[in-house]
Each structure stands twice: as C-alpha cells, then as structure tokens.
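Here is the structure we will look at.
The values are calculated or read from the model by the stated rules, or taken from the named source; none is laboratory data. Computed from a predicted structure; not experimentally measured. Because the Cβ atoms are built from the backbone with ideal geometry, glycine has one as well, and the counts that use them run over all protein chains shown. These area figures cover heavy atoms from the full protein model, side chains too; ligands, DNA and RNA do not enter into them. Shrake-Rupley method; radii C 1.70, N 1.55, O 1.52, S 1.80 Å.
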Amino acid sequence: QVQDNPIGRTIPLKGQWSGLGPALPNKLCGVMLNKYCRAKLRVPLTALHGTEVCGKPSKHHSAKPGMMREANQSELSDACQFGLGVASLFTTERSSKTSQTVSGSVGGMLQMVEGSAMTRSQLHELQFKRGPSVAQLLRECCALDACKRPCFTEICKRLEDAEPELIRVAQQAACRDDHSTLLKNKHSADKLLYELFPAKVAESLKNGQFPDPEPYPCISLFFSDIVGYTDICSKLSTQDVMDMLHRLYSRFDELATARELFKVETIGDAYLCAGNLRHPQPDTHAALMADFAFCCCSAANEEPVCLSRPDLGFLHVRIGLHVGPVTGAVVGTLNRRFCLFGDCVNVASRMESTSTKDHIQCSAAFQEVLQLQWPEAASLAEPQEAKLIKGKGIMRTFYLYPPQRAYAAFDATNISSGPGPRAQPLYPPALEDANGGWKQRSSMCESFH
C-alpha cells in the first residue's frame, strides 16, 4: 500500500507503523484540510511513532471512553506546526519565520499574542475571516507552553464542533465579496457613462430619465479624416484597418483628454471633437482646439499605416475647424449616444472635406475667435481664395500653422503624443522648390525647419 503526502514524498505503508517515525519530518506533512477547515490525518506524523502497531493502538496510549488521551511531546510539537501552518494559509502572513523574526525585537514583542507564536494581526484576521472558535483553537496550538497545546484528538473534535460557525462566516464573506463586486461594477459602469456623455446627460440617464436637449452657445468643433482611406482599405485586411484606426485615435484621445476636450464620436475614419462642451472653457476653447489640431496632425504623420508593411508609409490627415452654437441631445432609445446638431457641425465638416493633405483649414469665424485667444497662432493664419461651400455659398477660409511657442495656457511638454519623436510641425508655404518641397516665407518658420 502506497500513500502520498503534501511534501511530495511517497511512503510505503507496510509492516509496523513504527517505521513512519524516521520517514517523516517533524512538521505538518500528514494533515489535509478541506474548504471547511476539517482536518484529516492521513499520516499520523511523528507523534504516532511507537504508539500503534499493525494499525492497533498501544496499551500505553489507549484513551478511556469520554476522555482525551494524553499527548506526548512529539505530538504537541506537531500541533504547533499545525497551528502555524494553518494560520499562514488563512492570513496574509505566509510564513512562521516572519513571526519568529518579529518576536526577536522589543517592538516585535508588542505585536505578538501573549504566550503564543502567533502575531496579533494574524489573530484578528482569523477572527474576522474564520470565526472566533477557529482563531482560539489555532492560538492554543501556537502556544509557547507546550502543555497548553491541544492534542490532535481534541483538535479534530473542536474543528467538527466549529463547522457551523465556519459555514456561517464563509457565507458572510461571500456576501461581502458580492457587495464589493457590485460596487466595483457600478463604479466601472458610471465611469463609462461619464466618458460617453456630458455630466448632466449622464446624471439624467442614471436616474432613468430621458435627458432634455442642451444648447451650447459657442463651442469649437474639430473634424478630421484620413487621406486616401478608401485606397488604404483596399490594400489591408479589416484587422489591419482596425489596428490602424485604434493606434491613431488612441493618440487623439490622449491629446483630447489632456486639454479637457470632449470626443463626440468617430464614424469610419472621421473624428469629431468639441471644446467648451464638457468643461467650461469660454476664454480658451479655440486656442486649445487649434493646439489640439497641430498635435493631431503631427501624431498622424508619425503613425505607420500598417506595422507589418512599412512600404505603405505613414498616415496623413485633413482637419477642419469651426466655432459656433450647437444643441446636444440623445436621440432614440436604442444604442443611445450623444449627438450635436446645428449649422456649426455642417460647416466644420465642410472645412475638413475642402482642406488638403496635412493641412488645418478653419472658417473666418474661428480665426476671429483665435485672434482673441491665441494671437500668435492667428497671425500665421494664411487666407485662402474664396471657396464655394456646399449649403453655405462663398466662404472665406484660412490655413492654420503652429507658432514658434506652444499655447501658453497648456504645457504640451507634459503630454506624450505616442512612441517615437515628435514630427516636424507644418509651416506656411511660399512656393515649391525644385525638389517638390515647400520653402518657408518667414524667418520665424525658417528657424524651426
């Protein structure tokens, strides 16, 4: 007959039981615990050395009916190992060596349970997680005075008696865990809700109410799309296209979050963002949006079209900016999302669609507000020829270029725009040189090139 023990040693059980004494170390190697802390002594440890022969108890250690048998020193030593081992399993202090180390100092003596090798933190944790009966039993097992330790017969009986308490404590712990999980899930749901909607809209949805339309008198709008997106989709798998959009828009999201701008939505390769909407920014929204557009253009130029196909090069975007009044609302009852309505949204979209590769086009209204909030950037705005804008007629537009210094109200040096070095910003063009590049027309831009 062969039996395994927890330390990985296989012990043949044949002949006299007294042969187990030399084979087993003097530690908790024969005590097996189930989830209710019920102990089974598969191997009687060193304490049974010489006490049983051929499976029969010896005359010297036979117990009278109704009385606990008298334990020898080996069994009491095993009881201490049992107490320390189970206490380590049930608490955050995993090793009895920690208790011995702590007890070696004057301060450590104050942390120990009086007359026990168990620490106060272990005892309190056991009382809370396993109940007072089990905590008291393990405290007695770890008693420094061996005479005060219970024998294994008493340990088994007391564990049997403590079973109802263990079940009750386990049920209470399960209820606490369920409540903690519920609170965690609620916090995650609230966080997602406030990411998708402005605070006022999110509060209405949490309360089970349909939010009323919210007017916004003056906001800045950002529209962008990827140049050659249709051609890129024809060359890449859908997985590669999704990876490309995720990489690019994750960087856009980081830049928008740093400036407290509100990401409204993405539709395919189009990215829509608003300023002075979620957070009040009446005196800075146009400047923050222009700074955001400069960084998005640079971030796109640094992002590869496909990581596994370097021959496709890097991404290029068109960007349009406009400022004006809009109304925000949640439309419909299925797959709800926050939408913006108004002429301002249409004009911002036209600014993007009539822009050119790697350029930021804004309306005259946006340029006027930018002149008040960031004069350095507005002074570099290059007026374009009057354009026929669908649904609006002839409009004056401008191309924006980043000034020598970043927007003073925002420290862009603290924000990571993604891996790799920042791409060179765009500058006002004067004329094309022989190599097809753009010459710079101002000394300020030449110093940056």
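Using only the alpha-carbon atoms of the range 118-207 as identical scatterers, what base-10 log of I(q)/I(0) does the Debye formula give at q = 0.11, 0.21 Å⁻¹?
The computed values of log10 I(q)/I(0) come out as -0.53, -1.00.
When Lys and Arg each count +1 and Asp and Glu each count -1, what net charge do the other residues less than 12 Å away from Ala199, Cβ to Cβ, add up to?
Value of the local net charge: -1.
Excluding Phe223 itself, calculate the net charge of residues whose Cβ lies under 10 Å from the Cβ of Phe223, where each Lys or Arg counts +1 and each Asp or Glu counts -1.
So the environment of Phe223 carries a net charge of 0.
List the residues whose amide H sits under 5 Å from the amide H of Ser116, counting only those 5 or more places along or on another chain, with H placed 1.01 Å from N in the peptide plane.
Answer set, sorted by chain and number: Leu144.
For His124 and Gln171, calculate 0.36 nm times their separation in residues minus their Cα-Cα distance, and state this gained length in nm to one decimal.
Answer, rounded to one decimal: 15.1 nm.
Where the convex hull is taken over the Cα atoms of the range 313-384, what is its projected area averaged over directions, in nm²? Could you put the intermediate results ahead of the total?
Working: hull surface 28.4 nm².
Its Cα hull, projected and averaged over all orientations, spans 7.1 nm².
What order do Tyr216, Tyr271, Tyr194 take when sorted by accessible area (1.4 Å probe), most exposed first?
Tyr194, Tyr216, Tyr271
Cα gyration tensor of the range 259-401, axes a ≥ b ≥ c as square roots of the eigenvalues: rounded (a/c below 1.5), prolate (a/b > b/c) or oblate?
Verdict is rounded for the range 259-401.
Once the Cα atoms of the range 208-284 are picked out, what are the Rg and Dmax in Å?
15.6, 46
Let me make sure I get this right: for the range 120-169, a, b and c are the square roots of the gyration tensor eigenvalues over alpha carbons, sorted descending. Under 1.5 in a/c it's rounded, otherwise prolate if a/b > b/c, else oblate. Which is it?
oblate
Using each residue's phi in the range 342-356, evaluate 6.51 cos²θ - 1.76 cosθ + 1.60 at θ = phi - 60° and report the 3J(HN,Hα) Karplus result to the nearest Hz, with x for Gly and Pro.
Those phi angles translate into x, 5, 4, 5, 5, 5, 4, 5, 5, 4, 6, 5, 9, 7, 10 Hz.
What residues have an amide H closer than 5 Å to that of Asp358, excluding those fewer than 5 places away on the same chain, when H is modeled at 1.01 Å from N in the peptide plane?
Val317, Arg318
Residue-wise, which Karplus ³J(HN,Hα) couplings in Hz belong to the range 122-127, taking 6.51 cos²θ - 1.76 cosθ + 1.60, θ = phi - 60°, and x for glycine or proline?
Computed from phi, the couplings for the range 122-127 are 5, 5, 5, 5, 5, 4 Hz.
Probe 1.4 Å, all protein chains in place: accessible area of Asp343 in Å², nearest 10?
For Asp343, the solvent-accessible surface is approximately 80 Å².
Could you derive backbone 3J(HN,Hα) for the range 153-161 from the dihedral phi with the Karplus parameters 6.51, -1.76 and 1.60 (θ = phi - 60°), listing whole Hz in sequence and x where the residue is Gly or Pro?
Per residue, the Karplus-derived 3J(HN,Hα) values read 5, 5, 4, 5, 5, 5, 5, 4, 5 Hz.
If you filter the range 108-200 for GluC sites (Glu not before Pro), then keep DSSP loop positions with at most 11 other Cβ within 10 Å, what is left?
Passing sites in the range 108-200 are Glu114.
Can you give me the solvent accessible area of His124 with a 1.4 Å probe, rounded to the nearest 10 Å²?
His124 exposes around 110 Å² with every protein chain in place.
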